[in-house]
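The values are calculated or read from the model by the stated rules, or taken from the named source; none is laboratory data. Keep in mind it's a predicted model, so treat the numbers as computed, not measured. Note that we place each Cβ from the backbone using ideal geometry, even for glycine, and neighbour counts take in every protein chain shown. Heavy atoms of the whole protein, side chains included, go into the accessibility calculation; ligands, DNA and RNA do not. Shrake-Rupley method; radii C 1.70, N 1.55, O 1.52, S 1.80 Å.
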Amino acid sequence: MFVLALSPKPRSVTDVQAAAELLWDQLEHVHAHAPFMALSGQLLLGVPHDAHSAIDAIMRCARLNFCHIGLGIGTLYEPVPDQADLIEGIAQRRALGALEAATHRGERVPISVSCGDPDLDLELEGLLRLLGHSVRTRTEAEWAVVDLLTPGVRGQQKAIAEVLDITPQAVSAAIVRSGYHDEIDARGGIARLLELADQH
């Protein structure tokens, strides 16, 4: 199982209320066994449905750039509740420990992973930080295009161009600049490693 613990950094944003609304809006889109909920003002907890959903949640948080992120991988007591405040087990404890580690590091994208294998933790953290940094540095124009893309669907560029009132060539250029296809491929590779970590 995958558990994500998040801690917003309100000092890094000028409008805390607006930032909180942005965060919840992003987290609502994550496919989760137990949806994210606030356990306190500084702690949000959720149980993504699978490895791909965990990566999705992490990248949504990296995009906003004001959260420390802790990912715990392991077992939870079964049956696993569908309310995040009721979950217990190794994955939950690891997520909280990873979040604590993330808050004490100076990385540009503060993500920490705990799966019980320190070497695999470091490798996953490095990959997630690289991907998170790539996502975080997209421009608003690139996001306008990327947000309208559905992975694996062909022939979207003309429709997106019409929605945004730009040329299909501009859409294509934005996709290339955004690194969107690299992100999708990288997500697949990282998900495989997360699934491997979950089998330990």
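Assorted remarks:
- Point-charge dipole on Cβ atoms (K/R +1, D/E -1) for region 84-154, about Cα centre, debye to 20: 220 debye
- Helix 16-27 axis, angle to the chain major axis (alpha carbon atoms, nearest 10°): 90 degrees
- Debye-sum result for the chain in log10 I(q)/I(0), which assumes one identical scatterer on each alpha carbon, at q = 0.08, 0.14, 0.17, 0.19 Å⁻¹: -0.27, -0.80, -1.12, -1.32
- Per residue of the chain, the DSSP helices (runs of n ≥ 4 H) give a summed -39500 (n - 2.57) that works out to -16500 deg cm²/dmol at 222 nm.
- Test item: Cα-centred dipole of region 16-101, Lys/Arg +1 and Asp/Glu -1 on Cβ, debye: 280 debye
- Using distinct alpha-carbon pairs, which all enter the 1/r mean, Kirkwood radius of region 22-121 in Å: 13.6 Å
- Carbon/sulfur fraction of accessible area - region 94-200, other protein chains in place, 1.4 Å, %: 53 percent
- Sparsely packed GluC sites (Glu not before Pro) within region 78-113, loop by DSSP, other Cβ within 10 Å at most 15: GLU88, GLU107
- Rounded to 10°, Cα long-axis angle of helix 51-64 versus longest principal axis of the chain: 70 degrees
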